[in-house]
Amino acid sequence: MSTPNDGTGMNPFAIAQAQLDEAAAILELAPEIHTLLREPLRELHVTLSVKMDDGTSKIFKGYRVQYNDARGPTKGGLRFHPDETIDMVRALAAWMTWKCAVVDIPLGGAKGGITCNPKEMSPGELERLSRAYVRQVGRILGAEMDVPAPDVYTTPQIMAWMADEFAFMRGHNEFGMITGKPLALGGSKVRDEAAARGGMYCLREAAKMLGLPTKEATYAIQGFGNAGHFAALMVRSMFSGTVVAVSDSKGGIFKAEGLNSARVLEHKQLTGSVVDFPGAEPISNDDLLELDVDYLLPSALENVITERNAANIKAKVVGELANGPTTPEADHILHDRGVYVIPDLLCNAGGVTVSYFEMVQNAYGYYWDRDMVIERLDAKMTDAFHAVHEKARDLNVHNRLAAYCVAIERVAEAVRLRGWV
Ligand code: GLU
């Protein structure tokens, strides 16, 4: 396997497989189904040559992993990141498979990525890179085959360029081949805030189940990207809660009386980081995770809660808006200590749920209003939350394992019905 990309010594795909193995043992899954679900069905590796602004050409590596399509076309984001590796993409593709099954939408799982540093690229270079990716990978994409979406460092604009390039390849528009598009090009209302909003519904339900308040409560949010910054805004607008700390890749800020999330967002838009926000104290990303808060929302990258710091997490509830923030060892430590973890494949599934709504709207060419999307998202997330919560109680396992069990039972049923084993 290739080297891990996060400096923790842990290979994300090995983690995804270990999580599956644990659930398979509990479910007494048939060995042939287990073996099938341990590996991606298909993957495509591409080499992309892009003309840079200085006249040189630069070569990039890109990937698309279609993990499993037993339940429907594969679905999952595209990540542009300097540390992207094939094993990271495989792990994320596996997680997408389980995520779509947990929220019970008729899609399989996939993920894609390009190893690049978008922060050092001009808009023109990013456009040429995005189009080059579709020219290579477009042959295995399509509304009924495999549908990408935004992920870390990819945007609605990038989705628009990709939809446009694909239209040229096919000779007609096929907007449902990609989601997270701008509204003017077949995007869905609420898609931009969907991951965070779905996470808020999970927090609301968890609070009810645990008898905790959401209003007189403190929140720390690691990561201020798409999911993190919307979560910071919604903690205030939906719960009137107090966000005491937020962070990004450059560092974090803390204020015991509460941060004004909208102001922090303005500051980040102006300066490129939350760091140095007036009136707040600096805090490291590591210290933020260990703050004495009610709710901790890891919303950045994978492997941040590990066996090294799990014993120091003081939050009562951890809501994973990031993919893969907690390692399997840390899961057990948190569970033993009574920390209620809402796992990524449930907590951030609002993103792909509204992506699915976007595909449906593209398919019939009729667009829903904001209230309709919100109502349907809430219903999906609330059902999924309780399916996982009940499974955890029935099997007496931690929530991630319960979510895996819910998902794997559904995927395994489709595999069996199709006669694949
Ligand atoms: N990248 C997001 C995720 O990890 C969204 C995927 C999608 O909408 O297809 O869930």
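The values are calculated or read from the model by the stated rules, or taken from the named source; none is laboratory data. Please read all numbers here as calculations on a predicted model, not as lab measurements. Every residue, glycine as well, gets a Cβ built from its backbone with ideal geometry; the counts of neighbours run over all protein chains shown. In case anyone asks, the SASA skips ligands and DNA or RNA and just uses the protein heavy atoms, side chains included. Shrake-Rupley method; radii C 1.70, N 1.55, O 1.52, S 1.80 Å.
Observations on the structure shown:
- Residues that are at positive phi and within 17 Å of the chain's Cα centre (by Cα) were ranked within the stretch 168-192; the one that is farthest from the ligand (Cβ to nearest atom) is V190.
- With respect to the conditions (1) within 12 Å of the ligand (Cβ to nearest atom); (2) surrounded by fewer than 24 Cβ atoms within 10 Å (Cβ to Cβ); (3) in a strand (DSSP E or B), F60 falls short on a single one, namely (1).
- If the condition is being open to solvent by less than 20 Å² (accessible area, probe 1.4 Å), within 15 Å of A231 (Cβ to Cβ) and of a type outside the set (S, T, N, Q), then the stretch 252-270 contributes G252, G258, L259, V264.
- Which numbered condition R71 fails, given (1) open to solvent by 40 Å² or more (accessible area, probe 1.4 Å); (2) more than 27 Å from R191 (Cα to Cα): (2)
- Lone unmet requirement of (1) open to solvent by 60 Å² or more (accessible area, probe 1.4 Å); (2) within 19 Å of the chain's Cα centre (by Cα) for E302: (1)
- F224 crowded, with 18+ Cβ neighbours inside 10 Å, in contact with an Asp or Glu (Cβ under 7 Å, 6 or more places away or on another chain) and not in a loop (DSSP other than H, G, I, E, B): no
- Matching residues in the stretch 86-118 - criterion: being more than 25 Å from A384 (Cα to Cα) and of a type in the set (G, A, S): G112, G113
- Considering K99, K111, the condition of being in contact with a helix residue (DSSP H, G or I) (Cβ under 7 Å, 6 or more places away or on another chain), assigned to a strand (DSSP E or B) and basic (K, R) is satisfied by K111 alone.
- Taking the stretch 323-421 as the region of interest, the helices (runs of 4 or more DSSP H) fully inside it that hold 1 or more residues being open to solvent by 40 Å² or more (accessible area, probe 1.4 Å) and away from the ligand (no atom under 14 Å from the Cβ) are 328-336, 350-364, 370-395, 399-418.
- Matching residues in the stretch 290-299 - criterion: being in contact with a helix residue (DSSP H, G or I) (Cβ under 8 Å, 6 or more places away or on another chain) and open to solvent by less than 40 Å² (accessible area, probe 1.4 Å): Y295, L296, L297, P298, S299
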